Amino acid sequence: MKKINKRIIALGVLALLFCTFCGLTVFAASSKDDAAAPTAVSVQAEETAQEEGSTTGSKAIAAGICVGIAAAAAALSMGIAIGKSSEGISRQPEAAGSIRTSLMLGLVFIETVVIYALIIAILVIFVL
């Protein structure tokens, strides 16, 4: 059982690291060098509009990957937790109340990782 808990924690940490990496990659790609800016206002406005469109698409892809991996890791860990709690309740029905309480608390913590990834993805799209 301890081995499974370590795997769940490792999956959560990897999902958060990947979300951070995607956000930093998109931020680095969206920063632009203004040293060689053209002098014509219309040309500059057109290039800015094209760059904004291309960075918005890459931000959306990074955010989708971020949320997708976090949701997949959460779904796996929730499935494992629910399966183990069902096994525990079937072995000791008198401990069903305490098992159910700790299961719900664990599911809440797992779901907060997905919500955190969603917030990071929204920040990547709209702020960076």
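Once you sort the root eigenvalues of the Cα gyration tensor of the range 59-128 as a ≥ b ≥ c, which label holds: rounded (a/c under 1.5), prolate (a/b larger than b/c) or oblate (the other case)?
Prolate shape, in that a/c is at least 1.5 and a/b is the bigger ratio.
Peptides 63-70, 76-83: what's the order by average Cβ count within 10 Å, highest mean first?
Values: 63-70: 18.8, 76-83: 15.5.
Ranking, from highest mean packing down: 63-70, 76-83.
In what sequence, highest mean first, do 110-120, 94-104 appear when ranked by Cβ atoms within 10 angstrom?
Order by mean packing, descending: 110-120, 94-104.
Just so you know, all these numbers are worked out from the coordinates, no wet-lab data involved. Bear in mind the structure is a predicted one, so any value in this text is a computation, not a measurement. Glycine gets a Cβ as well: all are built from the backbone with ideal geometry, and neighbour counts include every protein chain shown.
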